[in-house]
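Asks: Can you read through this structure? Questions will come right after.
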Amino acid sequence: QVQLVESGGGLVQPGGSLRLSCTASGSIFETYGMAWYRQAPGKQRELVAYFASGGTMNYADRVKGRFTISKDNAKNTMYLQMNSLKPEDTAVYYCNTIFRTLPWGQGTQVTVSS
């Protein structure tokens with residue numbers, strides 16, 4: 001079973017940047033449409049950004065223009081570059097397929113606070 005490991009989170013001030021990584025234990029990024037999700041305390045997990053069929057990148061309205069999704073198939077790694085971070089971006093960030101078909105990793109905590 002493929003395992004997903006998220007990393008790169010941390011505490012950052014509003015307006016700051018972070019780059020998250022999602023590493024898979026197998027070569028899946030060329031097979032599956034992959035996505036980033038986040039879950040804030042007391043809220044449902046929501047889709048943040050994803051690769052659609054054909055490799056096009058799509059973003060939730062809340063992060064459009066600030067976040068960039070990318071991947072390196074050779075390294076089995078997907079990234080989420082987050083710029084101009086806001087307190088409302090505070091959440092645990094996860095990666096998975098766009099259909100949420102793989103076991104969830106532990107996620108990586110992002111806290112945006114002054």
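Asks: Just to verify a result, which residue in region 43-75, among those that are in contact (Cβ under 8 Å) with a residue 12 or more places away in the chain and among the aliphatic types (A, V, I, L, M), is farthest from LEU85 (Cα to Cα)?
Replies: ALA52
Asks: Right, something else. Would you confirm whether or not region 80-96 contains a residue that is over 25 Å from PRO14 (Cβ atoms) and surrounded by fewer than 21 Cβ atoms within 10 Å (Cβ to Cβ)?
Replies: Quick first cut of region 80-96, residues over 25 Å from PRO14 (Cβ atoms) only: 96.
Adding the requirement that they be surrounded by fewer than 21 Cβ atoms within 10 Å (Cβ to Cβ) leaves none.
No, region 80-96 contains no residue that is over 25 Å from PRO14 (Cβ atoms) and surrounded by fewer than 21 Cβ atoms within 10 Å (Cβ to Cβ).
Asks: Considering only residues that are touching a Phe, Trp or Tyr at 6+ places or on another chain (Cβ under 6 Å) and exposed (fewer than 13 other Cβ atoms within 10 Å of the Cβ), which ones fall in region 70-79?
Replies: ASN73
Asks: Could you say which residue among PHE99, PHE51, PHE67 is at pLDDT below 95 and surrounded by 13 or more Cβ atoms within 10 Å (Cβ to Cβ)?
Replies: Values: PHE99 fails: surrounded by 13 or more Cβ atoms within 10 Å (Cβ to Cβ); PHE67 fails: at pLDDT below 95.
Of PHE99, PHE51, PHE67, the one residue that is at pLDDT below 95 and surrounded by 13 or more Cβ atoms within 10 Å (Cβ to Cβ) is PHE51.
The values are calculated or read from the model by the stated rules, or taken from the named source; none is laboratory data. Quick caveat: nothing in here was measured; it's all calculated off a predicted structure. With ideal geometry, Cβ positions are generated from the backbone for all residues, glycine too; neighbour counts draw on all protein chains shown.
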